[in-house]
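The values are calculated or read from the model by the stated rules, or taken from the named source; none is laboratory data. The model shown is predicted, which means the values in this text are computed figures rather than measured ones. Cβ coordinates were reconstructed from backbone atoms using ideal geometry, including for glycine residues, and neighbour counts include every protein chain displayed. Side chains are part of the model used for accessible areas, which takes the heavy atoms of the whole protein and leaves out ligands, DNA and RNA. Shrake-Rupley method; radii C 1.70, N 1.55, O 1.52, S 1.80 Å.
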Protein chains: 2
Amino acid sequence: MHVEQIERAPLDPAFVTALQQRFGTAVHMSDAMRLHHGSSEAHFAPMLPDAVVFARSTEEVVDLVRLCAAAKVPIVPFGAGTSIEGNTLAVHGGVSVDLSEMTQIVSINAEDFDCTVQAGVRREQLNEHIRDLGLFFPIDPGANATIGGMAATRASGTNAVRYGTMREAVLSLRVVTPDGREIRTSRRARKSAAGYDLTRLFVGSEGTLGIITEVTLRLHGIPEAISSAVCSFQTLNGAVDTVVQAIQIGVPLARVEILDDMQIKAVNAWSKLDYPELTTLFFEFHGSPSYVDEQAETVRELAAANGGGDFRWSNLPEERSKLWKARHEAYYAAVNLRPGAVGWATDVCVPISRLAQCIGETKADLQASSVPATILGHVGDGNFHVVFSIDPESEAELAEVSAINARMVERALAMDGTCTGEHGIGIGKQDWLVAELGDAVELMRTLKHALDPDNLFNPGKIFAF
Amino acid sequence: MHVEQIERAPLDPAFVTALQQRFGTAVHMSDAMRLHHGSSEAHFAPMLPDAVVFARSTEEVVDLVRLCAAAKVPIVPFGAGTSIEGNTLAVHGGVSVDLSEMTQIVSINAEDFDCTVQAGVRREQLNEHIRDLGLFFPIDPGANATIGGMAATRASGTNAVRYGTMREAVLSLRVVTPDGREIRTSRRARKSAAGYDLTRLFVGSEGTLGIITEVTLRLHGIPEAISSAVCSFQTLNGAVDTVVQAIQIGVPLARVEILDDMQIKAVNAWSKLDYPELTTLFFEFHGSPSYVDEQAETVRELAAANGGGDFRWSNLPEERSKLWKARHEAYYAAVNLRPGAVGWATDVCVPISRLAQCIGETKADLQASSVPATILGHVGDGNFHVVFSIDPESEAELAEVSAINARMVERALAMDGTCTGEHGIGIGKQDWLVAELGDAVELMRTLKHALDPDNLFNPGKIFAF
């Protein structure tokens with residue numbers, strides 16, 4: 001296994017002793033544990049921490065941060081490890097603090113549609129827990145990520161077109177800052193104009209400004225009625241135009257996902273399905289029974305006018321589950337187009353008026369490439385991914401994909417879009433961040449330096465600094 | 001006129017000469033102009049700037065910031081002057097930069113539901129401009145504020161229950177920072193995970209971190225159908241419970257406002273109306289024609305079950321205009337319960353499960369007070385205001401109102417609410433901010449110091465620092 005890492009001194013034995021005195025068997029230094037915490041789901045080479053510590057409370061995180069700060073040891077927060085821009089790799093080594101055992105649901109306020117959970121709670125655990133209360137948490141990035149990790153990455157996913165991203169879903173955070181203090185960023189009121197929006201500052205900061213230990217989330221009532229639909233199209237443009245028109249006339253689509261012909265082929269093989277191997281839209285509608293029918297009928301008409309085929313509509317939960325299970329597995333389905341391949345998921349997002357052109361030009365690039373690749377995306381937000389299935393032994397394939405990704409980002413930026421809709425910067429998008437926001441990145445560095453002057457919190461992420 | 005101000009040296013004549021050389025007749029130093037820019041709509045004594053400069057472009061703001069930075073002169077942004085926590089008062093003197101002549105609508109992307117405007121555009125101007133495109137901008141704080149001021153204050157208002165606040169409405173900002181640089185905080189994509197959320201950092205920062213010169217806003221399609229309704233209740237609880245229940249079963253109320261009996265009395269007198277002088281809810285419903293009817297019918301049933309009287313429903317635009325004009329004038333109606341009075345508007349926001357109790361206890365305080373006062377609020381968000389009509393000559397009244405406000409804030413904080421739902425901190429809520437967020441305020445100060453080390457951008461706001 002090829003490991004990439006910045007040269008550094010080994011951990012001071014006195015520091016290790018102090019760690020072990022405070023955390024006992026929660027400290028791990030085995031190669032296997034370090035490799036697990038220093039690897040990612042994407043194509044990046046591993047970068048290992050020197051130690052892994054499992055934290056079980058905010059108080060433990062405070063103590064760990066103070067120990068690390070005193071010894072000037074980097075600290076990298078780790079949840080489910082499902083991020084895909086290398087966001088949890090230990091670029092400068094140090095301690096990986098694993099929050100996945102912080103799985104307590106601290107409180108649920110059903111009447112207020114909110115709850116507070118520890119950072120290690122996973123979204124599926126939360127949804128199972130609150131289902132009987134008639135509530136659900138809509139943010140769904142596919143992977144069963146931790147809520148803390150989703151907040152740190154500003155994740156979103158299939159429901160964002162209707163319910164927003166983690167930016168909108170997080171009401172308040174409990175955070176341990178680099179100086180070893182614990183703060184709460186906001187009260188539980190739905191809105192507030194009380195000073196700087198620290199909640200939003202930490203959401204998406206990827207562990208570089210603070211370690212999120214608890215998250216207060218907005219929840220939603222499970223809709224009275226939910227229906228889903230699938231429709232395939234002869235052309236990419238027909239599918240994208242259907243969605244843009246539906247949004248423009250005000251249909252509150254709860255989910256709308258695009259899968260190109262290659263992605264459908266992958267999904268059919270992986271999830272044992274038999275969708276026509278054409279560009280396809282997956283829809284979900286939420287509301288009262290009559291309103292859900294009205295939405296589906298409107299979209300059916302738009303799809304037909306844009307060259308859509310059979311509009312397969314269903315209000316059966318099992319049909320819906322099959323559909324979204326296939327969508328959730330789409331990344332793995334795409335990567336496994338070739339046995340033994342590794343994945344690389346791109347992540348541009350553009351204003352929706354530019355989406356058809358952006359996807360169309362990208363598709364042309366893919367057709368000219370030798371690397372198997374699929375397109376899937378949250379088309380209602382203007383956000384889509386290409387998933388490449390790369391031979392890990394081939395430098396040439398990596399270079400080819402890197403060049404296609406560069407063209408995609410340049411195309412998105414030229415359309416006033418972003419290099420990352422939902423995966424974050426990590427180590428994979430640092431140059432593109434500067435291309436996207438220019439001097440604003442200097443301001444971000446100023447904030448980072450002010451809060452973390454020793455650069456110990458997830459160093460090497462967002463900026464190389 | 002009693003003016004309160006921190007002692008300071010007069011402006012350096014060389015600085016004044018430099019200002020005049022660069023800005024010519026856009027520089028004003030008359031007492032009248034300084035008083036206008038140093039006064040507020042609320043009960044605070046004026047605090048005058050030493051000079052007023054009207055800026056017409058981002059480039060002019062950059063030049064002004066550089067001149068002020070070099071001479072270490074404070075700079076206070078000013079829009080419509082409708083803020084009510086003293087947010088634009090020149091605590092330390094210096095230059096008030098008036099952006100109200102920056103009224104250009106820079107671009108409209110109808111297909112993407114967004115637009116970019118200069119900071120001085122007012123919300124009514126924007127809505128008139130985009131109406132023919134079938135679009136509207138929903139954030140409505142009542143006053144015809146500037147978009148820049150609304151962003152700086154994280155304003156919201158009557159539509160927030162459905163459409164969110166300025167936090168959700170702003171896609172991107174053009175900002176001049178204290179070091180005289182101009183940045184753009186984000187691209188125009190609907191969502192992004194590209195580094196720290198600078199957009200949200202500047203939204204609500206009240207001019208203390210940067211001067212907003214352009215705002216890119218999310219717009220919405222004018223709904224196919226809009227209807228409104230009015231319903232009065234025998235009890236405050238009945239009104240609040242109706243709203244909480246409607247939200248809990250998923251009715252997407254576009255607006256829902258509460259006015260207590262005193263506020264209705266004031267509105268009847270000021271706007272020449274004849275509503276029953278009881279606690280009253282004003283509703284607005286958006287959607288397809290059938291969905292709007294369905295929403296109104298659901299709410300009608302809930303209101304009846306909670307002791308509501310006649311549910312006066314209408315889909316006539318003129319009825320709706322009358323209703324919301326009365327609501328928009330409610331603050332002035334309340335202040336003018338006594339001729340020559342000045343207003344003091346409180347602004348707590350609590351989780352909605354606590355709202356009935358919070359309003360009820362507040363109402364009891366008001367009934368025991370000698371100062372005329374009304375309650376009105378954005379009840380769907382848990383946010384409400386008491387508007388006091390104070391004799392400006394009476395120290396005793398000011399002290400009494402101050403004590404009631406303190407009890408309100410303490411009550412809201414005890415319910416995990418906020419001291420300010422939408423008016424900001426300004427000079428009026430600084431101690432309450434610390435009571436609300438504790439150590440997090442120290443982190444805010446660290447950010448302020450990092451971006452504005454000489455404390456020249458709206459000094460004395462949010463924190464006394």
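Rounded to the nearest whole Hz, the Karplus-based 3J(HN,Hα) values (6.51 cos²θ - 1.76 cosθ + 1.60, θ = phi - 60°) of region A:126-135 follow the sequence 4, 5, 5, 5, 9, 4, 5, 8, x, 10, with x at glycine and proline.
The listed residues A:Arg122, A:Arg34, A:Arg131 rank as A:Arg131, A:Arg122, A:Arg34 when sorted by accessible area, largest first, using a 1.4 Å probe.
Helix A:58-71 and the longest principal axis of the Cα set of chain A meet at an angle near 60°. Distance from the alpha carbon centroid of region A:96-110 to that of region B:114-146 works out to 42 angstrom. Across identical copies of the chain, B:Leu316 has label-point separations of 5.1 nm, listed in ascending order, with the point defined 7 angstrom from Cα along Cα→Cβ. Between the helical axis of A:439-451 and the longest alpha-carbon principal axis of chain A there is an angle of about 40 degrees.
Chain A against chain B buries an accessible area of about 6700 Å², both chains summed, 1.4 Å probe radius. D by Stokes-Einstein for chain A, Kirkwood Rh over Cα pairs, 10 °C, 1.306 mPa s: 69 µm²/s.
Sorted into 10 angstrom bins from 0, the C-alpha pair distances of the protein assembly as shown split as 2, 12, 21, 25, 21, 13, 5, 1, 0 percent. Backbone phi angles across region B:231-247, fed through the Karplus curve with coefficients 6.51, -1.76 and 1.60 (θ = phi - 60°), yield HN-Hα couplings of 8, 9, 10, 6, 10, 4, 4, x, 5, 5, 4, 4, 5, 4, 5, 4, 5 Hz in residue order; Gly and Pro are listed as x.
Accessible surface area normalised per residue over chain A is 34 Å², counting heavy atoms of protein chains with a 1.4 Å rolling probe. Using just its DSSP H runs of length 4 or more, each adding -39500 (n - 2.57), the protein assembly as shown gives a mean residue ellipticity at 222 nm of -11000 deg cm²/dmol after division by all residues.
Taking the Cα centre of chain B as reference, the dipole from Cβ charges on Lys and Arg (+1) and Asp and Glu (-1) amounts to some 900 debye. When Rg and the Kirkwood Rh are both derived from Cα coordinates, the Rg/Rh ratio for region B:82-179 amounts to 0.97. Structure note, pairs B:Lys322/B:Lys429; B:Lys322/B:Lys448; A:Lys325/A:Lys448; A:Lys461/B:Lys191; B:Lys322/B:Lys461; A:Lys448/B:Lys191: Cα-Cα distances above 32 angstrom occur for B:Lys322/B:Lys429; B:Lys322/B:Lys448; A:Lys325/A:Lys448; B:Lys322/B:Lys461.
Considering only alpha-carbon pairs that sit under 8 angstrom and 6 or more positions apart, the relative contact order computed for region B:225-415 is 28 percent.
Note on B:Met29: accessible area is roughly 80 Å² with a 1.4 Å probe, heavy atoms of protein only.
Helix A:395-414 axis versus longest C-alpha principal axis of chain A: approximately 70°, rounded to the nearest ten. Label-to-label distance, B:Ser30 versus A:Ser290, with points set 7 angstrom from Cα along the beta-carbon direction: 6.1 nm.
Is the shape of region A:180-324 rounded, prolate or oblate, going by the alpha carbon gyration tensor and its root eigenvalues a ≥ b ≥ c, with a/c under 1.5 for rounded and a/b larger than b/c for prolate? The shape class here is prolate. The same position A:Asp391 in the other copies lies at 9.1 nm from this copy, comparing label points 7 Å beyond Cα toward the beta-carbon, shortest first. Note on exposure: B:Ile247, A:Ile425 ranked by accessible area (1.4 Å probe, complete protein assembly) read B:Ile247, A:Ile425, with the most exposed listed first. For B:Asn383, the residues whose modelled amide H falls within less than 5 Å of its own, excluding neighbours fewer than 5 places apart on the same chain, are B:Val350, B:His378. Counting Cα-Cα pairs of region A:13-100 in 10 Å increments starting at 0 gives whole-percent bin shares of 19, 54, 24, 3.
Remark: label point of B:Ile6 defined 7 Å out from Cα along the Cα-Cβ vector; separations to the same position in other copies 3.9 nm, ascending. Overall shape: oblate for region A:268-374, with the ratio a/c of the largest to smallest alpha carbon gyration tensor axis at 1.5 or above and b/c at least equal to a/b. Charge tally around A:Asn458: other residues with Cβ under 13 Å, Lys/Arg +1 each, Asp/Glu -1 each, net -2. Where in region B:414-431 does accessible area fall by at least 50 Å² between the isolated chain and the complete protein assembly, at a 1.4 Å probe radius? At a threshold of 50 Å² (probe 1.4 Å), the residues of region B:414-431 that become less exposed are B:Asp416. Taking the 1.4 Å solvent-accessible surface of chain A as the whole, the part contributed by carbon and sulfur is 51%. Among the trypsin sites (Lys or Arg not before Pro) in region A:180-283, those placed in a DSSP loop whose Cβ has at most 10 other Cβ atoms within 10 Å are A:Lys272. Once the GluC sites (Glu not before Pro) in DSSP loops with at most 15 neighbouring Cβ atoms within 10 Å are cut out of chain A, the longest remaining piece is A:225-392.
Each residue of region A:340-352 was assigned a 3J(HN,Hα) from its phi angle through the Karplus expression (A = 6.51, B = -1.76, C = 1.60, θ = phi - 60°), giving x, 7, 10, x, 9, 9, 7, 7, 7, 9, 10, x, 4 Hz with x at Gly and Pro.
Taking all Cα pairs closer than 8 Å and separated by 6 or more residues, the relative contact order of region A:105-221 comes to 33 percent.
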